[in-house]
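The values are calculated or read from the model by the stated rules, or taken from the named source; none is laboratory data. What you are looking at is a predicted structure, and each value in this text was computed from that prediction instead of being measured. Don't worry about glycine lacking a Cβ; one is built from the backbone with ideal geometry, like all the others, and counts go over all protein chains shown. Surface accessibility is based on the protein's heavy atoms, side chains included, excluding ligands, DNA and RNA. Shrake-Rupley method; radii C 1.70, N 1.55, O 1.52, S 1.80 Å.
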Amino acid sequence: YQLHTGGSFSDDVKEYLPSGMTQVEGEVVVNTETAVATVNGVVGYDDLQEAIDAAGKGDTVTLLQDEEQDVTIAAGQEITLDLGTYTLKNASGHTITNNGTLTIIGSGTVDNVTHARGALVNYGTAELEGGTFTRSAEASISPDDAGDNSWYVIDNQGTMTIDGATVKNKGYYSSLIRNLGKSASDPAKLTVSNGLIQQDNFIALKNDDYGELIVTGGTIISDEQALQNWSQADLSGGTFDGNVITWSYGDHPSSTTISDEAKITGNVIAVNYDGDKESIATVNITGGTVVGAISKGTYSGGIVPADPNVTTSEIQVSGGNFSSSVDEEFLAKKFTAELY
């Protein structure tokens, strides 16, 4: 039988209605007492996954109340999820797994409370225009102790844009956001153009292997590393309150470009993790502002100054504003550095 999603009927059609619809004096309406979500504001469902599964290309699924459920957007789907003012919390897995094309709006919250699970895992295309993403039960206490409950808040292995969302956590063990590609020919792509990314105690944004990161705006805050870059990062805007460190290892070179309106309040460091001389960490500064020191390093239980006689990382400065003197070895030919 065809499900009725609206209209008035002289007969009782309740048995043919979607789970979040009811019939009042003959008229088919959303059951506001039981419906968890609507599709396009007119068809109600008692189950959020059911609403997502029913949504067609370009449809909007709107959350109507707080909900605890793991949901998945299938490959090929193209939908908007409106959180409204409500909280979507996971049941046992990742809160949202996206394999399709997903836009998230609203001022609500996407939360995860389970160890080794995230608020959003993206394998498709995701645009985060609103919402707050967090892990409210995070229990980590150090980089060596997850406290039996830690993980990334967002794990991007597809294409993602953060344009107005807030991503926050107080973790000591897992990075706040990971951007991880599969290979050089199949990278993960993350663009940050607006919003707040804040991890109080550990890495805020980890651009992992085969990650392509573009930051044109927004605020990224960390007491440790605002950005840990293991691949390719282009920072032409945004505010980084914390260190920006570019790392290389093995057969994985890395590069960070800082330009235009990017502002970094923290140290900028190029670090070769394992001393490999073929795959180096490179930082190019052509503009922006750095309120902190600029240096090259290697790793030995912590970051230590690099041997100036051995090229395992490179820094080149040809523009920008600086609060500390720039080592002459980093200056491009014919350039001088003056403090602002």
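Counted over the chain, the DSSP beta bridges are approximately 15% antiparallel. For residue 120, the accessible area of its heavy atoms, probed at 1.4 Å with every protein chain present, is near 0 square angstrom. With helices as the sole contributors, the chain gives -500 deg cm²/dmol at 222 nm; each DSSP H run of n ≥ 4 counts as -39500 (n - 2.57), and the sum is divided by every residue.
Label sites at residue 40 and residue 141, each approximated as a point 7 angstrom past Cα along Cα to Cβ, lie 5.4 nm apart.
With every protein chain in place and a 1.4 angstrom probe, the accessible-area ranking of 291, 192, largest first, reads 291, 192.
Reported to the nearest whole Å, the Cα centre-to-centre distance from segment 285-325 to segment 154-169 is 28. Take every DSSP beta bridge whose two residues both sit in segment 86-195; close to 5 percent of them are antiparallel. Cross-link check: pairs 296/333; 168/296; 189/333; 277/333 evaluated at a Cα-Cα cut-off of 26 Å; pairs beyond the cut-off: 168/296; 189/333. Placing dummy labels 7 Å off each Cα toward the beta-carbon, the span from residue 15 to residue 316 is 7.6 nm. What the Cβ-Cβ distance of residue 68 and residue 327 gives, at R0 = 45 Å and to the nearest 0.05, is a FRET efficiency of 0.25. In the chain, taking the dipole from charged Cβ atoms about the Cα centre, the farthest positive-side position among 192, 253, 108 is held by 253. Roughly what % antiparallel, to the nearest 5, for the DSSP beta bridges in segment 183-308? About 10 percent, rounded to the nearest 5.
Backbone phi angles across segment 280-297, fed through the Karplus curve with coefficients 6.51, -1.76 and 1.60 (θ = phi - 60°), yield HN-Hα couplings of 9, 8, 10, 10, 10, 10, 10, x, x, 10, 10, 9, x, 8, 10, 7, 10, x Hz in residue order; Gly and Pro are listed as x.
Its Cα centre serving as origin, the chain has a Cβ charge dipole (Lys and Arg +1, Asp and Glu -1) of approximately 960 debye.
Each residue of segment 193-202 is assigned a 3J(HN,Hα), and the resulting list reads 10, 6, x, 10, 10, 9, 10, 5, 10, 8 Hz, derived from the Karplus form 6.51 cos²θ - 1.76 cosθ + 1.60 (θ = phi - 60°), x at Gly and Pro. Candidates 131, 176, 80 compared by Cα position along the dipole of the chain: farthest toward the positive end lies 176, with charges placed on Cβ.
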